[in-house]
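Notes for the one structure printed next.
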Amino acid sequence: MSDPLKEQEDAAQALELVHGAAGPYLASLSGRKVHDSANDVLIDQLDGPLPEQGSGTVATIERLLAVAPEAATHASGPHFYHLVVGGATPAAMAADWLASLLDQNSGLWIGSPLAARMEAIVLDWLKELFGLPSDFGGVLTPSATFANLTGLAAARRWWAERLGSDVTSQGMSGLPAMPVFSSGYVHPSVRKALQILGCGRDMVRTFVRDDAGRLDLAAMEEGLRRLGGMPAVLVGNLGEVNTGDSDPIAEMADLAARYHCWLHVDGAFGLFAAASPRTAHLTRGVERADSITADGHKWLNVPYESGFAFVKNKSTLTEAFGAWGAAYLPEFDEEFPNFNMLGPESSRRARAFPIWATLHAYGRDGYREMVERHLDVAQRLGRIVDAAPDFELIAPVQLSVTCFRYRPPGVPEPELNDLNARLGRAVLADGRVYVGTTKYRGMTVLRPTFVNWRITEAEADLLIEVIRELGPELN
C-alpha cells in the first residue's frame, strides 16, 4: 500500500472499526483495572522501523485496536483519581469525533466560520456558567498551562506598557523583572508560563502564613508598598491541587485595585466551584480579576486538549498576540473574530465542538449536579477517613479533593512518610484504582481528586477497600 488517495473507499470502514470497538470498551470501564502493567508489553507490537510499504488503512487500524484499548491507562473510567483528570462526557466524545471528521481550522474566520462562531458561543456560555461579566474577552487554549500563558502574556503586555515599552514588538530588553506575587498555592503551570514568557520561572514571590502555603495578605500588601508604585501582577489560585483550598480572591482584588495591579486567577479546576451554590463563595471576587483561566479536560469533562482564558480588557489579547503584519492574513475584526490573534496558537483544532456539545446536552443544572456529586464523594471519603483508626484526615474537605494518609496504629511518626510512599506505589501497581501521593506540610499523603463524570460515592468505598487490602502487607 502507498498513497492514501488509492484507499479513499477504506476511510468509512476504518471509522466503523473504531465505532465497533467503542461500545464494548466504554461498557467495560467500570470493571477494568485503571492500568494493567502486564499489558505494557503489547506496545512493542507498535514499534519497529518506519515501513517502506504501508499496511493499508484497514489493517493498520485493526493492529492499533488490538493493542491500544488493552495497553491504555483507562483514565476515562470511574476509578482514576490521580492528577485532577476528568473524562469525556458522551456528548463531548461524540462531538470530538465530529471535530476530527470535519477537521476545521478555528484560527481564522475565513478558514471556518463554523468553528470561529462556535468558539465565540461557548466562550459566552462558559462566562455564564462561571458568573463572569459578558464583556470579558476570551479564547480557547489546549490546556490550563496554555491558558495561564495567555493570561500572563496579556498581563506582561499591560505591565510593560505601564513602563512605556511595547513588549510585543520590542521584547523584554531593558526592562526590569516583572514583579509577580502569589501565595504558596501557585501552580507549576504558572511558573512554566512565566518561564516561557521570559519573566523567569523562579521570580514569583510567595507570601505565606503557614507551612500549608496559605496567603499572608498583610505581607503581600507590604511587598506591594515596597515596590514604590512599580506595577505588579498578583496570581490568585482557585483549587489548590493538594487539598482543594483557595486563595481569598476578593481580598486580592481589593489589593489589586488599591495598588493598581493586574490580578490573574488560575482556576484550573477550582473555577467550577461557581457552578454550585454550595461552593460559589470560594470564587467570590473572581469577576473582578483582569485574567482568569481554567482547564476543560478536568471538571468540564471534555477530551484533551482543552483550556480557556478570559481577559477583562479584550483588546489586551489582540495587543499581545495579534497584529502580525502579514499581507495574506486578515486584520483584526471584532465582528468576525480570528482567534489566532487572541492566543499563542496559529492553526487551531476546533476544540469548541465538544465544549458546545457537553454544555448543550447537560446545561447549567447538569454541571451543578455533577459538581455536587463529586463534592459528596470527597466529603464521604473524608468522613470515612476521619472516623477510622487507621487513617488520618490531613486537611478539611472543601472541594473535590480529600487529603489524607494511611496511619495504622503502632506505626511511629518517622516511618509514616515511607509507608505512605510505598502504599502509593503499591496502589498504582495494583491498578484497580489510581491515586497519587504528594508532599503536604512535610507529610507524604494521598490526594484523590474526584472530577470524572462517572464517579459516584461507591468510588470512595472502593478506594478505602483497596488501601486496607494493600496497606497491611506493607506495614
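The values are calculated or read from the model by the stated rules, or taken from the named source; none is laboratory data. Note that the coordinates shown come from a computational prediction; the quantities given were computed from them, not determined experimentally. Reconstructed Cβ throughout: ideal geometry from the backbone, glycine too, with neighbour counts over all protein chains shown. Accessible surface is based on the protein model in full, side chains and every heavy atom, while ligands, DNA and RNA are left aside. Shrake-Rupley method; radii C 1.70, N 1.55, O 1.52, S 1.80 Å.
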Check on SER173, of a type in the set (S, T, N, Q) and open to solvent by less than 20 Å² (accessible area, probe 1.4 Å): no
Test: residue in the stretch 70-82 that is open to solvent by 80 Å² or more (accessible area, probe 1.4 Å) and either closer than 28 Å to LEU463 by Cβ or not in a loop (DSSP other than H, G, I, E, B) (or both): no
Hits in the stretch 105-119 (condition: open to solvent by 30 Å² or more (accessible area, probe 1.4 Å) and part of a helix (DSSP H, G or I)): PRO113, LEU114, ARG117
Condition check for LEU234: over 30 Å from PRO90 (Cα atoms) and either modelled with pLDDT under 95 or open to solvent by 20 Å² or more (accessible area, probe 1.4 Å) (or both): no
Subset of the stretch 420-457 (residues that are in a helix (DSSP H, G or I) and open to solvent by less than 60 Å² (accessible area, probe 1.4 Å)): ASN420, ALA421, LEU423, GLY424, ALA426, VAL427, LEU428, ASP430
Unique match (being open to solvent by 20 Å² or more (accessible area, probe 1.4 Å) and either of a type in the set (A, V, I, L, M) or not assigned by the TED database to the domain that holds VAL397 (or both)) among ASP202, ASP266, ASP247: ASP202
Candidates VAL385, VAL401 - the one that is of a type outside the set (Phe, Trp, Tyr), modelled with pLDDT of 95 or more and closer than 30 Å to LEU197 by Cβ: VAL401
Single condition SER346 does not satisfy, out of (1) open to solvent by 30 Å² or more (accessible area, probe 1.4 Å); (2) modelled with pLDDT of 95 or more: (2)
Which numbered condition THR402 misses (of (1) farther than 30 Å from VAL122 by Cα; (2) open to solvent by less than 10 Å² (accessible area, probe 1.4 Å); (3) touching a strand residue (DSSP E or B) at 6+ places or on another chain (Cβ under 7 Å)): (3)
Some residue of the stretch 29-50 being closer than 28 Å to PHE272 by Cβ and exposed (fewer than 13 other Cβ atoms within 10 Å of the Cβ): yes
Single residue of the stretch 187-245 satisfying the filter (of a type in the set (S, T, N, Q) and closer than 30 Å to ALA275 by Cβ) that is farthest from the chain's Cα centre (by Cα): THR206
